[in-house]
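A short worksheet on the structure shown next.
The values are calculated or read from the model by the stated rules, or taken from the named source; none is laboratory data. No experiment lies behind these values; they were computed from the predicted model shown. Note: ideal-geometry Cβ built from the backbone for every residue, glycine included; neighbour counts use all protein chains shown. Accessible surface is based on the protein model in full, side chains and every heavy atom, while ligands, DNA and RNA are left aside. Shrake-Rupley method; radii C 1.70, N 1.55, O 1.52, S 1.80 Å.
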Amino acid sequence: MYTPTSAVKSNALGWRTFGNTRRRVAAIGQGTWNIEQSAADSAIAALRRGLDLGLTHIDTAEMYGSGASESLIAKAIAGRRDEVFLVSKVLPGNASKRGTLAACEQSLARLGTDRLDCYLLHWRGAHSLQETIAAFDALTRAGKILSWGVSNFDVPDLDEVAAIAGPGHPACNQVLYHLQERAIEHAVLPWCRAHGAAVVAYTPFGQSTTAFDARTKQGRVLAEIAKGHEATARQVALRFLLRHPEMFVIPKASDVGHVVENAATNALELSDAELARIDAAFPRGKPRRGLPMI
Ligand code: NAP
């Protein structure tokens, strides 16, 4: 059973070592699923404001808007590529060796860059992991990706990756993790900690807004804690997820005000008592079969 370590103090926020890569990466990044559905100018402005505020870990995927998210990011990071820790993902259906090599080239072209900082298998599909990993190795040798990881992988899948690729892999596992979905804490997070892999929390605000509604019991807990810090409930939520030292969060925000709010989480420090209160209000629940994903 995984037990969180004592609170990670705020001076540990901001930048963290990204798994086995030895790279220092912004703990709070920017997701981009559906970002292409917003007006392009404001979405690009939001991403660039995020970079200004240190949200330099940008997450995308060939799946998002069938490449439109990557094309929009290209405009946001133009002239600023070196500031960014850029992550994209190959779809499982493309994850044969040849398919992964081709998908990566297409992502690089859409993103207007010559390299990805990390390339992920979006979720496990029918292609063998040997093939996908062989492609990741070839892309690494060619300097087209600087590291690789996985997404939505449960422990048996992670064990397979480690058996094929050896120590130091995967660099990360990107998984569903928010206050109302803490399943990864039972086994996936401990596996990643034991193997030095980063954990990247996707959909960190959850699939409903009840946690942030001060009329609900859970929402009241967040609101009260937030008030004591002149913070917001969403900042408290992100800060709670980041109490694990290997954790990164990638909230998606196309609204610049949301970006500013999310970035300010870096300055928020919660006491052990406050973390324990959130823990009690949003219980982890019992271990279940299978890894939740959306
Ligand atoms: P999310 O980041 O938890 O939530 C996004 C929603 O929250 C948007 O509607 C956004 O609104 C809003 N929001 C952001 N900051 C806010 C704030 N401070 N106050 C109020 N609302 C705020 O959900 P997500 O997009 O599903 O997940 C984040 C990222 O994880 C994705 O974008 C994607 O990059 C990644 N992801 C990966 C997988 C996977 O299978 N690997 C699956 C899902 C997601 P605005 O846009 O209007 O600002």
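Working carefully through the options A68, A138, A95, find the one that is within 16 Å of G31 (Cα to Cα), open to solvent by less than 50 Å² (accessible area, probe 1.4 Å) and of a type in the set (G, A, S).
Criteria check complete, one pass: A68.
Identify all residues within the range 249-294 that are assigned to a helix (DSSP H, G or I) and among the aliphatic types (A, V, I, L, M); write none if there are none.
Here is the first cut: in the range 249-294, the ones assigned to a helix (DSSP H, G or I) are 256-267, 272-281.
Once the filter is applied, which keeps residues that are assigned to a helix (DSSP H, G or I) and among the aliphatic types (A, V, I, L, M), the range 249-294 yields V256, V259, V260, A263, A264, A267, A273, L275, A276, I278, A280, A281.
With the checklist (1) buried (at least 20 other Cβ atoms within 10 Å of the Cβ); (2) of a type outside the set (S, T, Y); (3) within 15 Å of the chain's Cα centre (by Cα); (4) part of a loop (DSSP other than H, G, I, E, B) in hand, flag the one item G206 doesn't pass.
Looking at each condition in turn, G206 falls short on (1).
Does K97 meet the test of being among the basic types (K, R), modelled with pLDDT of 95 or more and within 11 Å of the ligand (Cβ to nearest atom)? Break it down into steps so the answer makes sense when it comes.
Details: among the basic types (K, R): yes; modelled with pLDDT of 95 or more: yes; within 11 Å of the ligand (Cβ to nearest atom): no.
So K97 fails the test.
List the pairs whose first member sits in the range 55-72 and is among the charged types (D, E, K, R), whose second member is more than 11 Å from the ligand (Cβ to nearest atom) and open to solvent by less than 10 Å² (accessible area, probe 1.4 Å), and whose Cβ atoms are under 6 Å apart, counting only residues at least 6 apart or on separate chains?
Filtered contacts from the range 55-72: E62/A103; E62/S107; E70/S107; E70/L111.
In the range 125-137, is there at least one residue being away from the ligand (no atom under 16 Å from the Cβ), within 22 Å of I73 (Cα to Cα) and assigned to a loop (DSSP other than H, G, I, E, B)?
If we filter the range 125-137 for residues that are away from the ligand (no atom under 16 Å from the Cβ), which is where we start, we get 126-131, 133-137.
Next, only the ones that are within 22 Å of I73 (Cα to Cα) stay: none.
No, the range 125-137 has no match at all.
Among the residues of the range 85-109, which ones are part of a helix (DSSP H, G or I) and either touching a residue at least 40 places away in the same chain (Cβ under 8 Å) or not hydrophobic (A, V, I, L, M, F, W, C) (or both)? Explain how you work it out, then say what you get.
Step one: of the range 85-109, the residues part of a helix (DSSP H, G or I) are 92-94, 97-109.
Listed by number, the residues that qualify are P92, G93, N94, K97, R98, G99, T100, A103, C104, E105, Q106, S107.
From the residues in the range 209-242 that are more than 23 Å from R49 (Cβ to Cβ) and open to solvent by less than 10 Å² (accessible area, probe 1.4 Å), which one is nearest to the ligand (Cβ to nearest atom)?
A211
Restricted to the range 22-45, and to residues that are farther than 30 Å from G168 by Cα and in contact with a strand residue (DSSP E or B) (Cβ under 8 Å, 6 or more places away or on another chain), which residue is most open to solvent (accessible area, probe 1.4 Å)?
Among residues in the range 22-45 that are farther than 30 Å from G168 by Cα and in contact with a strand residue (DSSP E or B) (Cβ under 8 Å, 6 or more places away or on another chain), the one most open to solvent (accessible area, probe 1.4 Å) is N34.
Looking at (1) modelled with pLDDT of 95 or more; (2) more than 29 Å from E36 (Cβ to Cβ), find the lone condition where P251 falls short.
(2)
With the checklist (1) within 26 Å of N152 (Cα to Cα); (2) modelled with pLDDT of 95 or more; (3) not small (G, A, S) in hand, flag the one item R277 doesn't pass.
Result: R277 fails condition (1) only.
Considering each residue of the range 254-273, count those that are open to solvent by less than 40 Å² (accessible area, probe 1.4 Å), over 12 Å from R234 (Cα atoms) and near the ligand (Cβ under 7 Å from one of its atoms), and give that number.
Residues meeting the conditions: 1.
Taking only pairs six or more apart or across chains, which ones have beta-carbon atoms under 7 Å, a first residue in the range 217-237 that is at pLDDT 95 or above, and a second residue that is open to solvent by 70 Å² or more (accessible area, probe 1.4 Å)?
If the second residue must be open to solvent by 70 Å² or more (accessible area, probe 1.4 Å), the pairs left are V221/R277; I225/R277.
Within the group D114, D82, which residue is charged (D, E, K, R), open to solvent by 30 Å² or more (accessible area, probe 1.4 Å) and outside any helix (DSSP H, G or I)? First the steps, then the outcome.
Numbers: D82 fails: outside any helix (DSSP H, G or I).
One residue alone meets the criteria, D114.
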